[in-house]
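Report on the structure given below.
The values are calculated or read from the model by the stated rules, or taken from the named source; none is laboratory data. The model shown is predicted, which means the values in this text are computed figures rather than measured ones. Don't worry about glycine lacking a Cβ; one is built from the backbone with ideal geometry, like all the others, and counts go over all protein chains shown.
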Amino acid sequence: KRRFIGPLLRLLAKENMHMLYIEVADKPLVKLPQHYVLHQNFPNPFNPVTTIKYQLPENSHVILKIYNELGQHVTTLVDEQQKPGYHSVEWNAKDHASGIYFLQLKSTNTFDKTHSFSSVRKMILLK
């Protein structure tokens with residue numbers, strides 16, 4: 001589907017691997033995800049720093065928390081409004097013991113509170 005908006009701006013909505021492409025003068029500027037995704041941290045197992053990536057298809061309030069294997073809250077990495085797109089955060093676990101940790105992402109659409117997403121990933125810290 002192509003729509004022309006003004007002489008230079010062209011919006012091209014094309015489904016390809018769940019992405020929305022926005023083009024100006026036939027050159028891609030932005031690739032927006034169409035689905036919420038919490039990726040597995042990398043590296044995993046890790047010592048002591050790991051990277052956590054996630055994607056948001058819409059403006060959302062994002063909460064990203066870490067829990068230990070007993071279900072106790074360890075830290076909150078993110079608790080804020082975020083724009084659609086690809087996001088990443090690092091966790092430095094240098095002050096934590098080796099073991100299994102759980103990463104939980106909760107996201108709620110900024111404009112429609114009934115539209116929410118939640119996902120959990122298991123991480124292994126080896127020292």
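On inspection, residue 49 does not qualify as modelled with pLDDT of 95 or more and either surrounded by 14 or more Cβ atoms within 10 Å (Cβ to Cβ) or touching a Ser or Thr at 6+ places or on another chain (Cβ under 7 Å) (or both). The number of residues in the stretch 51-110 being over 24 Å from residue 124 (Cβ atoms) and of a type in the set (Lys, Arg) comes to 1.
Looking only at residues in the stretch 52-101 that are among the basic types (Lys, Arg) and farther than 15 Å from residue 119 by Cα, which one is farthest from the chain's Cα centre (by Cα)? Applying the filter and picking the extreme gives 94. Would you mind stating whether residue 113 is on the phi < 0 side of the Ramachandran plot and at pLDDT below 95? Here the answer is yes, as residue 113 does meet what is asked.
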